[in-house]
Amino acid sequence: MLELADIVRAAGPRYREAHAGRLLPSHRRALDDIGRCRTSALGGSLYQCDDCGALDYAYHSCRNRHCPKCQEERAQAWLQRTQARLLPCDHYLLTFTLPQQLRAVARTHQKIVYAALLREAAAAIQTLAHDRQWVGGTLGIMAVLHTWTRTLEYHPHAHLLVTAGGLTHDGAGWITPARPRFLVPGYMLSEVFRAKMRDAFARAGLAAGIASAVWTQRWTVHIEQIGSGDHATRYLSRYVYHVALDNHRLERFDQGRVTFRYTHASTHETRHVTLPAPTFLARFLQHVLPRGFTKVRYYGLLSPSCRADLERARGLLELHAAPQARPAAAASETTSLGSTLHDSGPTPVTLPTARTCAVCGRGHVRVIERWSRSRAPPWRPSR
């Protein structure tokens, strides 16, 4: 099967040479790590079966968060932790999109703009939720940064998983939205988000040169009720520990051109994109995040500083939960995100507990030796 690493190894050196003076450190590191992933350059481990004694070896992974081969198990682990942390209530999935006119600034000031996008989106929904006209309490909010489209175009936006209700200001009760199946007005949320982003750009000194019209136009904000939230976290896990393009979507790498497939959002048809290798690498690398940037952030009741409030809210919900709430949530989950999840790729696998021996099929393998980088395996495997 064709892998991103194959393309990086073949086209990466020429791409690095062509962009030697302009390649960001994070991009250079991503190319280096993905190209060396699971090769002798990173060393490996020797395994032995505890039943038949057969030997096997495996090269080490690069563990770069932008490598498609290194994130699947981490995605599943994150999913399990997050689902255990969620409150037992209905949720909404909110999407805040950065306007086209601001994306050039986002490219050149990624840490500042991405952080503002997550922070101000959470602040906008919480500002309206504090008003009793809509909710009147503190929400639980998880914000996830997403920068790509299905064709790898640059499209920074934030997904927010938000509780359908909140803890009252005195902490004594759980309060649901004032109107059933309605959180806040979309147009009001868009205006509040736009104003907060305008202030954030001004504080960061990034407002100069931006057309004034962007601060008066309607910004895209989407609100969707999704049920219990488990379904949405499975969807969001692809953006937390998966990368812009998984290996299973790669079709061909021939004569310096890369072809990959995607599912069209409206028609659900499978379509293909063919790009010259340098263009393909440029599209992929624009989604490599700055080193150290945290793409998942928690606000409100889910903030690390609000653990006591989170447990108080959990206790209130478990005490007063209606028996019929879960079936209703499950029905919502099967319909609301169906189109969004159509192109979700493979479902995350269960974390393995131990590797079964490929020779005898009975025993389990264990590490008996690790070797350093740039060294070949000490001997051939038994199979």
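Readers should treat all values here as calculations from the given coordinates under stated rules, not as data from a laboratory. Quantities reported herein were computed from a predicted structural model and do not represent experimental measurements. Because the Cβ atoms are built from the backbone with ideal geometry, glycine has one as well, and the counts that use them run over all protein chains shown.
Rounded to the nearest 10 degrees, the angle from helix 25-36 to the longest Cα principal axis of the chain is 40 degrees. Equivalent-ellipsoid semi-axes for the stretch 108-220 (Cα gyration tensor, √(5λ), whole Å, largest first): 28, 16, 13. Near the amide H of G173, within less than 5 Å, lie the amide hydrogens of T168, all on another chain or at least 5 residues away, with H placed in the peptide plane.
For the stretch 251-267, putting each phi into the Karplus relation 6.51 cos²θ - 1.76 cosθ + 1.60 with θ = phi - 60° gives couplings of 9, 8, 9, 9, 6, x, 10, 10, 10, 9, 10, 8, 9, 5, 5, 8, 8 Hz, in residue order, rounded to whole numbers and with x for Gly and Pro. May I ask for log10 I(q)/I(0) of the stretch 157-209 at q = 0.15, 0.19, 0.27 Å⁻¹, from a Debye sum over the Cα atoms as equal point scatterers with solvent left out? Result of the Debye calculation: -0.65, -0.85, -1.08.
Roughly what angle does helix 72-85 make with the longest principal axis of the chain, taking Cα atoms, 0 to 90 degrees, to the nearest 10? With both axes taken from Cα atoms, the answer is about 30 degrees. The radius of gyration of the Cα set in the stretch 53-174, together with its Dmax, comes out at 19.2, 69 angstrom.
Working note: Karplus 6.51/-1.76/1.60 with θ = phi - 60° gives the stretch 284-291 the couplings 5, 5, 5, 9, 6, 7, x, 4 Hz, where Gly and Pro are set to x. Put simply, the amide H of E369, placed in the peptide plane, has neighbours under 5 Å in L46, leaving out anything fewer than 5 places away on its chain.
Size descriptors for the stretch 243-296 (Cα atoms only): Rg and Dmax, in that order, 13.3, 39 Å.
Kirkwood Rh, Cα Rg: Rg to Rh for the stretch 147-270?
Numbers: Rg = 19.7 Å, Rh = 18.7 Å.
Here the Rg-to-Rh quotient is 1.06.
For the options S212, S40, S237, a Gaussian network treatment of the chain with springs between C-alpha atoms closer than 10 Å singles out S212 as fluctuating the most. Result for the chain in a Gaussian network model with C-alpha springs under 10 Å: among Q100, Q76, Q126, the largest mean-square fluctuation is at Q100. For the stretch 196-207, 3J(HN,Hα) computed residue by residue from phi via the Karplus equation (6.51, -1.76, 1.60; θ = phi - 60°) reads 5, 5, 4, 5, 5, 5, 5, 4, 7, x, 10, 7 Hz, glycine and proline entered as x.
Viscosity 0.692 mPa s, temperature 37 °C: give me the Stokes-Einstein translational D for the stretch 207-254 in µm²/s, with Rh taken as the Kirkwood radius over C-alpha pairs.
Values: Rh = 15.3 Å.
Rounded, D is 214 µm²/s.
When only Cα pairs under 8 Å and 6 or more residues apart are kept, what is the percent relative contact order across the chain? List each step's numbers first, then the result.
Details: 633 pairs, mean separation 109.0, N = 383.
Relative contact order here is 28 percent.
Hey, how much of the P(r) for the chain falls beyond 27 Å, as a percent of Cα pairs? Don't skip to the answer; put the middle values down first.
Details: 41793 of 73153 pairs.
Percent of Cα pairs beyond 27 Å in the chain: 57.
Could you work out the equivalent-ellipsoid semi-axes for the stretch 72-118, taking the square root of 5 times each eigenvalue of the Cα gyration tensor, largest first, in whole Å?
30, 16, 9
When the chain is treated as a Gaussian network with alpha carbon springs shorter than 10 Å, the biggest mean-square fluctuation among V296, V221, V359 belongs to V359. Expressed as a fraction of 2.2 N^0.38 Å, the value expected for a compact globular protein of N residues, the C-alpha radius of gyration of the stretch 1-96 is 1.54. Summing +1 for each Lys or Arg and -1 for each Asp or Glu among the other residues whose beta-carbon sits under 11 angstrom from that of E191 gives +4.
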